[in-house]
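The values are calculated or read from the model by the stated rules, or taken from the named source; none is laboratory data. On a predicted model such as this, the values are computed, not experimentally measured, just so you know. Every residue, glycine among them, receives a Cβ derived from its backbone with ideal geometry; neighbour counts consider all protein chains shown. Ligands, DNA and RNA are excluded from the accessible area calculation, which covers all protein heavy atoms including side chains. Shrake-Rupley method; radii C 1.70, N 1.55, O 1.52, S 1.80 Å.
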Amino acid sequence: MEELEKLRAAIEKAQKMVFFGGAGVSTESGIPDFRSVDGLYHQKYDFPPETILSHSYFKRHTEEFYRFYRDKMLYTDAEPNAAHKKLAEWEKSGKLTAVITQNIDGLHQKAGSKNVLELHGSVLRNYCMDCREFYGLDAITDSQGVPRCAKCGGIIKPDVVLYEEALDDTVMGQAIRHISEADLMIIGGTSLAVYPAAGLIRFFRGDTIVLINRDATPFDSNADIVLHEKIGAVFSEL
């Protein structure tokens, strides 16, 4: 495939690569994109995922939020796929400087990546809204209803960015720096529809932008190399 050969050549030439990824990176590890609503979902929930995963819904209907969150957002048995593993390998060799991800599952770290910038937080971190005590994932999985802090009894909240909440300024700043310093940017498994995360691409000043996504995106015409394939399939060829 001509585009795959171009990608191999670009990676070979690159000195400072950066990767920007979305839900399509995790779907191949068995974690569905919550936007792909199934029939079972309609039988169990009265509101769309974007509503349930909003800050205001969390505040007003905390128990119902957690029913959805435990059911649809936690995949404790998921394992890294070819894409996660290849990115960790590139970082270890010094070619890749950072993974910037919209995913909250921690699979990049599980694969061995060290410099992972989680734009939307992580399900593996949780904290008490009152005393700020931090908790692991088991605080959610081993509890029922609304999880409470063992120290003060406050409500435990996942350290994930809900709708209506701002992205972390420090993480965004680090992401912008890595993107602006990179000579090759690979964008994978994202429709580039979620802002402000998708807007990070405009900070790229390097030579080559690669776009790997199963479906077409609004950014296809701006990329130097475009592959409409599953990202795991592409990365297993690299």
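For region 214-233, the criterion of being in a helix (DSSP H, G or I), under 13 Å from F20 (Cα atoms) and in contact (Cβ under 8 Å) with a residue 60 or more places away in the chain is met by at least one residue. In region 104-130, how many residues are among the hydroxyl-bearing types (S, T, Y), part of a strand (DSSP E or B) and either open to solvent by 10 Å² or more (accessible area, probe 1.4 Å) or over 24 Å from T62 (Cβ atoms) (or both)? Within region 104-130, residues that are among the hydroxyl-bearing types (S, T, Y), part of a strand (DSSP E or B) and either open to solvent by 10 Å² or more (accessible area, probe 1.4 Å) or over 24 Å from T62 (Cβ atoms) (or both) number 1. Just one of (1) on the phi > 0 side of the Ramachandran plot; (2) open to solvent by 40 Å² or more (accessible area, probe 1.4 Å) fails for T141. It is (1). Applying the criterion of at least 2 residues that are modelled with pLDDT under 95 to the helices (runs of 4 or more DSSP H) found wholly in region 14-89 leaves 23-27, 39-44, 49-52, 62-72.
The single residue among S221, S180 that is open to solvent by 10 Å² or more (accessible area, probe 1.4 Å), at pLDDT below 95, hydroxyl-bearing (S, T, Y) and farther than 16 Å from Q102 by Cβ turns out to be S221.
Give me the residue from region 94-103 that is open to solvent by 30 Å² or more (accessible area, probe 1.4 Å) and assigned to a loop (DSSP other than H, G, I, E, B) and, out of that set, farthest from F203 (Cα to Cα). Explain how you work it out, then say what you get.
Our first condition is that a residue be open to solvent by 30 Å² or more (accessible area, probe 1.4 Å); within region 94-103, this holds for 94-95, 97.
Adding the requirement that they be assigned to a loop (DSSP other than H, G, I, E, B) leaves 94-95.
Details: G94: 22, K95: 20 Å.
Ranking the candidates gives G94 first.
Hey, can you tell me all the residues within region 148-167 that are open to solvent by 30 Å² or more (accessible area, probe 1.4 Å) and without any contact (Cβ under 8 Å) to a residue 24 or more places away in the chain? R148, A150, K151, G153, A166 - these are the residues of region 148-167 that are open to solvent by 30 Å² or more (accessible area, probe 1.4 Å) and without any contact (Cβ under 8 Å) to a residue 24 or more places away in the chain.
Residues of region 186-211 that are in contact with a Leu (Cβ under 9 Å, 6 or more places away or on another chain), more than 17 Å from Q102 (Cα to Cα) and outside any strand (DSSP E or B): G206, D207. Taken together, the criteria place L200 among residues that are crowded, with 17+ Cβ neighbours inside 10 Å, farther than 30 Å from R70 by Cβ and at pLDDT below 95.
Condition first: assigned to a loop (DSSP other than H, G, I, E, B) and within 21 Å of F20 (Cβ to Cβ). Can you find one or more residues in region 133-150 that meet it? No: zero hits.
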